[in-house]
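Written out below as structure tokens is the structure these notes cover.
The values are calculated or read from the model by the stated rules, or taken from the named source; none is laboratory data. Everything numeric here is computed off the predicted structure, so don't read it as measured data. When we count neighbours, we look across all protein chains shown, and the Cβ atoms used for this are built from the backbone with ideal geometry, even at glycine. Accessible surface areas use protein heavy atoms only, side chains included; no ligands, DNA or RNA. Shrake-Rupley method; radii C 1.70, N 1.55, O 1.52, S 1.80 Å.
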Amino acid sequence: MNSIPASAVIEITPHCNWNCFYCANLWKIKNDYSEHLPTKNPFDILNKLLDVGVDTLKITGGEPLLYDKIVDFCQYAYHEVKYLILSTNGSLISKYQHTSLFKNIDRWDVSFNSNNKQTFKQMCQGPGEYEKTRKGIDLLESNEYTFGISLTAMSTNYSDIYPTCLFFKNFQYITDIGINFFRTIGKGKSNEDKSLTLQELRSLLETVKTIKTICTFDISVDVFPKCLVDEKSRELIPDCSMGEMFAIDAWGNFKLCPSSVPLGNIFDKEIEEFWSSPQVRNLQKVSWLPELCMNCPLPGKCKGGCKVSTDPLFGCDSYLLKYKEKRNETNLNCQ
């Protein structure tokens, strides 16, 4: 049996106070999903994760700070796992400043797509949310709580990415900025025109290299086909963690990635059974890769880029399919 990873994501609630047009959550495009299916008790989900040895937990949503028992949940989880991360849009952080929540989280992950108010409003589709999120970030910084920033890069905020990263240059308690590439998943399917072109993405990687020379915190980027960028840029791109972690949504569904389709429910089938399933075993091999990847010198490291950008379970990265003729520009000698 394959060893179950110690890292997992729990999507604690489907509810969110924002209406981001790029949201990758699959249930966002299925209105009847959240209306007619009751969610499971997050404590019951957590106990199942603890039973299989999960010791690094990331709490997401929806917006997790909307969960009415989030303070109690984090207090329990914090004392049961080795490392607890809470991922939030940041707009409700100040609501909890006088609770015990802050001392029961190892690291906050705050979504902040632009320091330009108009761009921010356009992306999150909510008035006044910029000010609320800024207040939350300032609260974390002033109280010396460790946090990171998540930023989704698309045409809407492309020109804001450099100044937004530099805005955090003098913050003392930020650990990193993670730049995710907009994917046409979930609600994003209806906004394909917001995706960055390959040239824009390559330029963005050059921008990241510059930022890394200026700022002391780390800058990371999303999974991407390494054959489409130059050798130096490949060093910035991580290997996909799909198959090395897993996610459980608010209904108890088991997923190999927060943006992938469910393989079943952990209240009907044990987590160990999912992890030893053919889907997981196949994912951990490279034999499933499409033909255009099999002659690449990097198949074991790249595995086709983002596997859920074209297929709900795992497939070839949408950028690779769209720009496959550009692979030889990066001197990989693809056949």
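Of note:
- Rounded to 0.05, the FRET efficiency of the Glu291 and Asp230 pair, given R0 = 25 Å and the Cβ-Cβ distance, is 0.55.
- Dipole magnitude of the chain about its Cα centre (Cβ charges: Lys, Arg +1; Asp, Glu -1), debye to nearest 20: 620 debye
- Rounded to the nearest 20 debye, the dipole size of the range 80-191 about its Cα centre is 340 debye, using +1 on the Cβ of Lys and Arg and -1 on the Cβ of Asp and Glu.
- Only one residue of Pro258, Ser276, Thr184 has its Cα farthest out toward the positive end of the dipole of the range 174-284, where Lys and Arg carry +1 and Asp and Glu -1 on Cβ, and that residue is Thr184.
- 5 angstrom amide H check on Asp109, placed H, neighbours 5+ away: Leu86, Ser87, Thr88, Gly148
- Options Ser7, Gln97, Phe147, ranked by Cα towards positive dipole end of the chain, top entry (Cβ charges): Phe147
- When both bridge partners sit in the chain, DSSP labels roughly 10% of those beta bridges antiparallel.
- Short-range pairs are left out: with C-alpha atoms under 8 Å and at least six residues apart, the relative contact order of the chain is 18 percent.
- Among Lys187, Lys285, Lys307, residue whose mean-square fluctuation peaks in a GNM of the chain (springs only between Cα atoms under 10 Å): Lys285
- Look at where the Cα atoms of the range 104-151 and of the range 160-233 average out, and the two centres are 17 Å apart.
- Annotation: extensible slack from Leu166 through Asn47 equals 38.8 nm (criterion: 0.36 nm per residue apart, minus Cα-Cα distance).
- Ranking of Lys269, Lys135 by solvent-accessible surface, largest first: Lys135, Lys269 (1.4 Å probe, protein heavy atoms only, all chains present).
- Largest to smallest accessible area among Lys82, Lys58, Lys121, Lys95 [probe 1.4 Å]: Lys82, Lys95, Lys121, Lys58
- Carbon plus sulfur fraction of accessible area for the range 152-306, probe 1.4 Å, in percent: 47 percent
- His79-Lys269 FRET efficiency (beta carbon distance; Förster radius 41 Å; 0.05 resolution): 0.90
- Helix-only mean residue ellipticity at 222 nm for the chain, each DSSP H run of n ≥ 4 adding -39500 (n - 2.57), per residue, nearest 500: -7500 deg cm²/dmol
- Farthest towards the positive end of the charge dipole of the chain, among the residues Met123, Leu86, Tyr173, is the Cα of Met123, using unit charges on the Cβ of Lys, Arg, Asp and Glu.
- Cα-projected label distance for Trp18 with Ser276, points at 7 Å along beta-carbon direction, nm: 4.1 nm
- Span-rule helices in the chain, defined as complete DSSP H runs reaching 20 Å or more along the axis (Cα) with Kyte mean at least -1.0: 198-214
- Anisotropy class of the chain from Cα gyration tensor, a/c 1.5 cut: oblate
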